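Any read-out appearing in this document is the output of simple, stated calculations on the displayed coordinates, not a laboratory observation. Note that the structure is a prediction, hence the values are computed from the model and not measured. For neighbour counting, all protein chains shown are included, and Cβ atoms are generated from backbone atoms with ideal geometry for every residue, glycine included.
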Amino acid sequence: MSFASLSLLGLYRGATTALLPLAPALLAWRQRQGKEEAGRVGERSGIARMARPPGRLAWLHGASVGEAIALLPLVAKLRQQGLQVLVTTGTVTSARILDERLPAGAIHQYIPLDVCRFVRRFLDHWRPDLVLFAESELWPNALGEAHARRIPVILVNARLSQRSFERWKRLPHTAMQLLSHIDLCLAQSNADAARFSDLGAPRVLVGGNLKYDVAALPAEPAEVARMQAMIGTVSSTITADGSASGGNGSGSAPAQITQNNNFAEMDPEVAVVAAGQALAGVARRAGT
């Protein structure tokens, strides 16, 4: 490991620690902007609003609405396996949606800011046996603290755009050190898997996209009917040969309909099995 890479992560840790006194002002400003929920701002400092339930606990994190909803099938599977489940997000909207859609017994809390003191306070309280982060959530202090406590970390629904990949390639040793804290990366596609592997992730599998397993959000029947009618009206202007009819009766360019086949459907069982293997490893190390 190069000195430069260690310095970069050390600089990040030092900078977040140095800015700690500004955290209350930042959170107060965000609350005034409607970006923090009144009465729950303390959670962003790692302060829990409820006791930890007994038993094995999995901590799942999704940044905002899309990532959090994609985790719901996995949350349900883990609950069925008898695990306690804590889900964290970083937005008010995602918290409101999860309050309505989380399975019985699952807990939501806002993720703490990525400051070592806050992360340690959070981990000291919840004591997770397993950590599952969604998509591209790579918070250095959170990953480092979990790794230091020998808590298995799995990156589910993992994705990495070509643009982000090119940026990380400029810091190869830093990327490798950060990804070394992830025990298993379940990538959305072959391309994502290749990028994570190239950057040094130690174990990468293609798991597909959890978002295809999520049930549709509830909707008003009248609004659904209205949208279906609109779609039907538009569809009626498309001729059988796939060309759109113009106002003068002449055909325009053929309508192109494409389907993205890069992302396979992920069975949540894949992640559940991986989680079970990780927990078994924890038990072996603990001698239980």
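Charging the Cβ of each Asp and Glu at -1 and of each Lys and Arg at +1, and nothing else, the dipole of the stretch 110-188 about its Cα centre rounds to 220 debye. Extending 7 Å from the Cα toward the beta-carbon at both Arg120 and Leu26 defines two label points whose distance is 1.8 nm.
Given axes a ≥ b ≥ c from the Cα gyration tensor, I'd like to know whether the stretch 38-100 is rounded (a/c under 1.5), prolate (a/b larger than b/c) or oblate. Oblate. Charge dipole (Cα centre; +1 on Lys/Arg Cβ, -1 on Asp/Glu Cβ; no other charges) of the stretch 1-112 amounts to roughly 140 debye.
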